[in-house]
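The values are calculated or read from the model by the stated rules, or taken from the named source; none is laboratory data. Note that the coordinates shown come from a computational prediction; the quantities given were computed from them, not determined experimentally. Here the Cβ is made from the backbone with ideal geometry for all residues, glycine too, and neighbour counts use every protein chain on show.
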Amino acid sequence: MEMDACKGGDGMISIVIVDDHAVVRSGLTMLLDSIDDFAVVGEASEGDEAYEQVSEKCPQVVLMDLSMPHGKDGLSATSEIKKQYPDTQILILTMHDDEEYLFRAIELGASGCILKNAPHEELVKAIRQVAGGDAYLYPSATKRLMEDYMNKTKQGNKGDTYRLLTDREREVLALVAKGYANKEVAEKLVISVKTVEAHKAKVMEKLHMKTRPELVEYAWKKGLIGYSR
């Protein structure tokens, strides 16, 4: 399908919903299909399925969950979709503790982010806004975005301590940087949550870091997270 084929022409805003929870997808579909000028044209449970849905359905807007432990994550899918279908607008669905990934999502081409617990009318507003070519950020996001940017420019390189990490610690670091919770990391690596916590503690000790956002920042700078198809 040609890249410029994904364009609306009937006055409807076409939407693909991407979330690993079927109940969430079903609820969002019922809500959005009840809006006169909205049409949910597809659903996906992980990033590769999302890419296929965009290729087949050419939606104007993709509602993209960030953390999908049983498939490709939302950041990777956002990067791939925007490279091939730049006219498709992506609105990230995020939780409060995902805020450190906001800056990266915008860098990868997302048109904005909305909290999963936002009121329904706010979600409708956000979809209309990004479908019209504008950006949407939930109220506290602009401040956080600027803080992330300032921290990124101030911190500089942390030094080449990556060689001190074991292969397993590097795997844990990459998954944490993509937004996975400890339980999700444990499932992907087939290890216990306690083992994940131990590896993460070791990583932070070796890299001389104290917070999760620092780990995320380090992973970006080291190029540990791949976003190409």
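Give the range 177-191 a look and list any residue that's closer than 18 Å to SER79 by Cα and of a type outside the set (Gly, Ala, Ser), or say none. Within the range 177-191, LYS178, TYR180 qualify. One residue alone among ALA177, ALA135, ALA126 is of a type in the set (Gly, Ala, Ser), modelled with pLDDT of 80 or more and not assigned by TED's automatic domain parsing to the domain that holds MET30, and that residue is ALA177. With respect to (1) surrounded by fewer than 20 Cβ atoms within 10 Å (Cβ to Cβ); (2) under 18 Å from ILE114 (Cα atoms); (3) among the acidic types (Asp, Glu), the lone exception for ASP37 is condition (2).
As a summary of the residue check, SER14 satisfies the conditions (1) assigned to a strand (DSSP E or B); (2) farther than 24 Å from TYR138 by Cβ; (3) among the hydroxyl-bearing types (Ser, Thr, Tyr) except for the one numbered (2). In the range 51-72, the qualifying residues are those that are more than 16 Å from ILE127 (Cβ to Cβ) and buried (at least 24 other Cβ atoms within 10 Å of the Cβ), and the one that is farthest from the chain's Cα centre (by Cα) is MET68.
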